[in-house]
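Asker: Pasting a structure below so you can have a look.
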Amino acid sequence: MEPPQERFLVHTAGEHKSLTSLVSLAKGDILCAFQGTYQPAPTRHSIQVGTTEHMLVDPVALRFINHSCE
């Protein structure tokens, strides 16, 4: 499922990429739905989705999100 592209933008600066929301978000808001592949251990682009569970997400652009599990 591809999210509406107008909700976020991927910035590229040299070799670095980051994801910026184009909409205001409050705590608990959802930027977009995603699916992915579970990983046995964290990777550079995985997102932690449980205490010990990590996922490589699709759409790929979400791999550049700066996230927190707090």
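Asker: When the accessible area of the chain is split by element with a 1.4 Å probe, what percent falls to carbon and sulfur?
Answerer: 53 percent
Asker: Continuing with the same structure: What are the residues whose amide H is under 5 Å from the amide H of Val49, where those residues sit 5 or more places off or on another chain and H is modelled from the backbone?
Answerer: His54, Met55
Asker: Oh, and also: Using the crude model of +1 on Lys and Arg Cβ and -1 on Asp and Glu Cβ, and no other charge, please compute the dipole size for the chain relative to its Cα centre, in debye to 20.
Answerer: 120 debye
Asker: With a 1.4 Å probe and all protein chains left in place, how much accessible area per residue does the chain have, in Å²?
Answerer: Dividing the accessible area of the chain by its residue count gives 77 Å².
The values are calculated or read from the model by the stated rules, or taken from the named source; none is laboratory data. What you see is a predicted model; the values in this text were computed from it and never measured. No Cβ is skipped: glycine too gets one built from the backbone with ideal geometry, and neighbour counts run over all protein chains shown. Quick note on the areas: whole protein, heavy atoms, side chains included, nothing else; ligands and nucleic acids left out. Shrake-Rupley method; radii C 1.70, N 1.55, O 1.52, S 1.80 Å.
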